[in-house]
Amino acid sequence: QVQLVESGGGLVQAGGSLRLSCAASGRTFSTMGWFRQAPGKERDFVAAITRSGDSIGYVDSVKGRFTISRDNARNTVTLQMNSLKPEDTAVYYCAAALRILSWSKNGYEYDYWGQGTQVTVSS
């Protein structure tokens, strides 16, 4: 059975940092990524990384502040978030794809999703 379990969310002041982790089990995934959904908004792409780590993509608003990485031996993907802003407040979801070979910002290309972890950034 496939499971994606996120951890590391919480409340932080603007300018602070958080580290999100996603532990995957049950399958071997190609691309893995993070999406987020703010209240009243659609779920949006944040970052993604291929299995080899040679292709990484970020939404423009987090470039230079967030870093995605993965550990295939542990089957985990991590999102290091620095210089957090109130507009980063959202539920963050881990996503995993079985077949895509490059990073993708399209949610429909991911096959499995975690339950989400809340990130709240206070001003």
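Laboratory data are not the source of any read-out in this text; all were calculated from the coordinates shown. Just so you know, these numbers come straight off a predicted model, no measurement behind them. Cβ placement follows ideal geometry from the backbone for every residue including glycine, while neighbour counts extend to all protein chains displayed.
Computed values, structure above
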| item | result |
| --- | --- |
| Cα-only radius of gyration and Dmax that characterise the range 16-102, units Å | 12.6, 37 |
| Relative contact order (%) - the chain, alpha-carbon pairs under 8 angstrom, separation at least six | 36 |
| Amide N of the range 66-93 lying under 17 Å from the label point, which is placed 7 angstrom from the Cα of residue 11 along Cα→Cβ | 85-91 |
| Sites matching trypsin sites (Lys or Arg not before Pro) across the range 69-123 that sit in DSSP coil, with at most 13 neighbouring C-beta atoms within 10 Å | 74, 99 |
| Extension gain (nm, one decimal) between residue 72 and residue 123, 0.36 nm per residue minus Cα-Cα | 14.8 nm |
| Chain lengthening between residue 1 and residue 87 when straightened (0.36 nm per residue, less Cα-Cα) | 27.5 nm |
| Cross-link reach list, lysines versus residue 105, counting only Cα pairs under 19 Å and skipping chain neighbours closer than eight places | 41, 63 |
